[in-house]
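Asker: Below is one structure. I have some questions about it.
The values are calculated or read from the model by the stated rules, or taken from the named source; none is laboratory data. Since the model is a prediction, treat every value here as computed from it, not as a measurement. Don't worry about glycine lacking a Cβ; one is built from the backbone with ideal geometry, like all the others, and counts go over all protein chains shown.
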Amino acid sequence: MKNIHFVGEWFDCCATKALLTSPQAIQAHCAALVARRHLPIRYEHFTPTEQDGVIGAMTGNGIHLVLRTFPRRDAVIADLFVAQCEAAEITAAMQVFNGLRDEFRPLRALLHRVQRDGQSLPVQGRTPRKPTEVFLAKPVRRVV
């Protein structure tokens, strides 16, 4: 049994403005990714913020995923925590996290790994190898 806690900061996102500003659009994308991975989500709530962004959360037994968008800066902060789960659930949660990052299409990303016990976890999936990793060599035009 292990736990993980990642905080991702995604910058210069090339997603549509609707995905950065619509709680329903973000909730639909999150729900689809979670359903595909069969994670135990029991509650979800997404709402607009005063700065035209969205803040939303999906929680379940021992798992939470929180997203906050900043459309004026084309940025997203994503927080994923999975507590005391089997390796398969951790892998599924990371696949959801990676899928969300792919939906927002950041040109730059920071990934912070928060560890409470001081032991390293094997990294699976497409997590950055450095604190900052550029995913695309040149900017992609935003689809509106």
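Asker: Name the single residue, out of those in segment 87-98 being among the aliphatic types (A, V, I, L, M) and within 24 Å of H29 (Cβ to Cβ), that is modelled with the highest pLDDT.
Answerer: Residues of segment 87-98 among the aliphatic types (A, V, I, L, M): 87-88, 90, 92-94, 96.
Right, trim to within 24 Å of H29 (Cβ to Cβ) and you get 88, 90, 92-94, 96.
Numbers: A88: 79, I90: 81, A92: 85, A93: 85, M94: 87, V96: 90.
Going through the qualifying residues, I end up with V96.
Asker: Let me ask you something else. Identify, please: which residue in segment 62-86 is surrounded by fewer than 16 Cβ atoms within 10 Å (Cβ to Cβ) and out of contact with any strand residue (DSSP E or B) (no Cβ under 7 Å at 6 or more places or on another chain) and is, among those, nearest to R108 (Cα to Cα)?
Answerer: Checking each candidate, the answer is R73.
Asker: So in segment 44-81, with the set limited to residues that are of a type in the set (S, T, Y) and within 15 Å of the chain's Cα centre (by Cα), which one is farthest from W10 (Cα to Cα)?
Answerer: Filtering segment 44-81 for residues of a type in the set (S, T, Y) gives 47, 49, 59, 69.
Within this subset, residues satisfying the condition of being within 15 Å of the chain's Cα centre (by Cα) are 59, 69.
Working: T59: 21, T69: 9 Å.
This residue is T59.
Asker: Quick check on my filter: what residues within segment 11-50 are within 13 Å of I77 (Cβ to Cβ) and out of contact with any Leu (no Cβ under 8 Å at 6 or more places or on another chain)? Explain how you work it out, then say what you get.
Answerer: Residues of segment 11-50 within 13 Å of I77 (Cβ to Cβ): 11, 13, 20, 26, 49.
Selection gives L20, T49.
Asker: Right, next: Out of the residues in segment 99-124 meeting the condition of being out of contact with any helix residue (DSSP H, G or I) (no Cβ under 9 Å at 6 or more places or on another chain) and at pLDDT 90 or above, tell me which one is nearest to T59 (Cα to Cα).
Answerer: R101
Asker: Can you tell which of C30, C13 is touching a residue at least 60 places away in the same chain (Cβ under 8 Å), crowded, with 18+ Cβ neighbours inside 10 Å, in a helix (DSSP H, G or I) and not acidic (D, E)? Explain how you work it out, then say what you get.
Answerer: Details: C13 fails: in a helix (DSSP H, G or I).
So the residue among C30, C13 that is touching a residue at least 60 places away in the same chain (Cβ under 8 Å), crowded, with 18+ Cβ neighbours inside 10 Å, in a helix (DSSP H, G or I) and not acidic (D, E) is C30.
Asker: Identify, please: which residue in segment 56-65 is touching a Pro at 6+ places or on another chain (Cβ under 8 Å) and assigned to a strand (DSSP E or B) and is, among those, modelled with the highest pLDDT?
Answerer: To start, the set of residues in segment 56-65 that are touching a Pro at 6+ places or on another chain (Cβ under 8 Å) comprises 56, 60-63.
Filter once more, so that each one left must be assigned to a strand (DSSP E or B): 56, 60, 63.
Details: G56: 95, G60: 85, I63: 86.
It comes out as G56.
Asker: Can you pull out every residue in segment 33-61 that is crowded, with 16+ Cβ neighbours inside 10 Å and in contact (Cβ under 8 Å) with a residue 40 or more places away in the chain?
Answerer: Correct list: L33, V34, R37, L39.
Asker: Moving on to the next point. Part of a helix (DSSP H, G or I), in contact with a helix residue (DSSP H, G or I) (Cβ under 8 Å, 6 or more places away or on another chain) and not β-branched (V, I, T): is that true of L80 in this structure? Quick ask: steps written out before the conclusion?
Answerer: Values: part of a helix (DSSP H, G or I): no; in contact with a helix residue (DSSP H, G or I) (Cβ under 8 Å, 6 or more places away or on another chain): yes; not β-branched (V, I, T): yes.
Against the criterion (part of a helix (DSSP H, G or I), in contact with a helix residue (DSSP H, G or I) (Cβ under 8 Å, 6 or more places away or on another chain) and not β-branched (V, I, T)), L80 does not qualify.
Asker: In segment 35-53, how many residues are part of a helix (DSSP H, G or I) and touching a helix residue (DSSP H, G or I) at 6+ places or on another chain (Cβ under 6 Å)?
Answerer: Start the filter on segment 35-53 by keeping residues that are part of a helix (DSSP H, G or I), which leaves 35-37.
Subset that is touching a helix residue (DSSP H, G or I) at 6+ places or on another chain (Cβ under 6 Å): 37.
So the count comes out to 1.
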